[in-house]
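Student: Please find one structure pasted underneath; my questions will follow.
The values are calculated or read from the model by the stated rules, or taken from the named source; none is laboratory data. Fair warning: this is a prediction, and the values are worked out from it, not measured in the lab. Backbone-built Cβ (ideal geometry, glycine too); neighbour counts: all protein chains shown. For the accessible areas, the whole protein counts, side chains as well, though only heavy atoms, and no ligand, DNA or RNA atoms are used. Shrake-Rupley method; radii C 1.70, N 1.55, O 1.52, S 1.80 Å.
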Amino acid sequence: APDPPPSPTAVASEITYRMGFFDLETQRLASEVGGWQNKHLMCVSVAVPYDSSMDAFQVYREDEIPKLIEDLQQLDIVVGFNIKQFDYKVLGAYTPFDLQQLPTIDLLELIHKQLKFRLSLDHLAHQNLGRQKAADGIQAVDWYREGQWEPLIHYCKEDVILTRDLFNLTMEKG
């Protein structure tokens, strides 16, 4: 006799989602574009999404942003740290698409709602993962200006990894 069809519960537990963890670095600092209200003028130097379904990073430079935005739209969910108030605002200068429409989990937003204050990615990684950020946004802009792509990309990937690992820890521990 043929095998019976799987139960709906078994089928649902096998569904996998394309989760993307994302970060970007900029070409300019907020102080160089007239303040944080002008994030759209900071320009992308490098952007790195990690696609959990493929267990792979992609690296995009400024001239590849249209492809990045297409790829982000293919994900079932995008996870970032301060992604809604920073990364999407920077990317918004490159597209008419409303990035806020992407299904997004912003870890900083969730933390702020819970605690009523902000914590840095570095602090959270140190306290919860025993790791620290490799550098900061100022150093990232310096690397961009010096044409040092390898450390810039490594730094951005490391922030994506910290974000992914914090998200996974949150899912495990609540």
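Student: Given a 1.4 Å probe and the protein chains all in place, what does the accessible area of residue 39 round to, in Å² to the nearest 10?
Tutor: 40 Å²
Student: I would also like to ask the following. Relative contact order for the chain: what percent, with Cα pairs under 8 Å and sequence separation of 6 or more? Intermediate values should be presented prior to the final figure.
Tutor: Values: 243 pairs, mean separation 43.4, N = 174.
Answer for the chain is 25 percent.
Student: Here is a further query. Please give the solvent-accessible surface of residue 104 in Å², to the nearest 10, using a probe radius of 1.4 Å with every protein chain present.
Tutor: Here the residue's solvent-accessible area equals roughly 30 Å².
Student: If I stretch the segment between residue 150 and residue 136 completely, what's the gain in nm (0.36 nm per residue apart, minus their alpha carbon distance), one decimal?
Tutor: This chain segment gains 3.5 nm when fully extended.
Student: Please say if region 33-92 is rounded, prolate or oblate, where rounded means a/c under 1.5 for a ≥ b ≥ c the square roots of the C-alpha gyration tensor eigenvalues, and otherwise the choice is prolate for a/b larger than b/c and oblate otherwise? Show your work: numbers first, answer last.
Tutor: On the way: a/c = 2.38, a/b = 1.71, b/c = 1.40.
Judged from the Cα gyration tensor, region 33-92 comes out prolate (a/c at least 1.5, a/b above b/c).
Student: Shifting gears a bit: Once the other residues with Cβ under 13 Å from the Cβ of residue 50 are scored (Lys, Arg +1; Asp, Glu -1), what is the net sum? Numbers along the way, then the final one.
Tutor: Details: positive: 18, 157, 164; negative: 23, 51, 55, 71, 158, 159, 165.
Within the 13 Å Cβ shell, the charges total -4.
Student: May I ask you to list the chymotrypsin sites (Phe, Trp or Tyr not before Pro) in region 13-120 that are in a DSSP loop and have at most 12 other Cβ atoms within 10 Å of their Cβ? Mind dumping the intermediate values first?
Tutor: On the way: sites: 17, 21, 22, 36, 50, 57, 60, 81, 86, 88, 94, 97, 117; in loops: 17, 81, 97, 117.
For chymotrypsin sites (Phe, Trp or Tyr not before Pro) across region 13-120 that sit outside H, G, I, E and B with at most 12 neighbouring Cβ atoms in 10 Å, the list reads 17, 117.
Student: Could you tell me which of rounded, prolate or oblate describes region 36-174, using a ≥ b ≥ c as the square roots of the eigenvalues of the alpha-carbon gyration tensor, with rounded for a/c under 1.5 and, failing that, prolate when a/b is larger than b/c and oblate otherwise? Display every interim value, and only then the final one.
Tutor: Numbers: a/c = 1.40, a/b = 1.20, b/c = 1.17.
It comes out rounded by the Cα gyration axes.
Student: Pairs to check: 67/173; 39/157; 84/133; 67/113; 116/157; 39/173. Give those whose C-alpha atoms are more than 26 Å from each other in this structure. Before the final figure, lay out the partial values.
Tutor: On the way: 67/173 35 Å; 39/157 21 Å; 84/133 20 Å; 67/113 32 Å; 116/157 28 Å; 39/173 34 Å.
The answer is 67/173; 67/113; 116/157; 39/173.
Student: While we're looking at this one, here's another question. Compute the accessible area per residue over the chain, keeping the other protein chains in place, probe 1.4 Å, unit Å². Each step should come with its number before you reach the end.
Tutor: On the way: 9990 Å² over 174 residues.
Accessible area per residue, the chain: 57 Å².
Student: Please give the length that would be gained between residue 93 and residue 122 if that part of the chain were fully extended, namely 0.36 nm times their separation in residues minus their C-alpha to C-alpha distance (nm, one decimal).
Tutor: Working: separation 29, 0.36 × 29 = 10.44 nm, distance 2.71 nm.
Full-extension gain reported as 7.7 nm.
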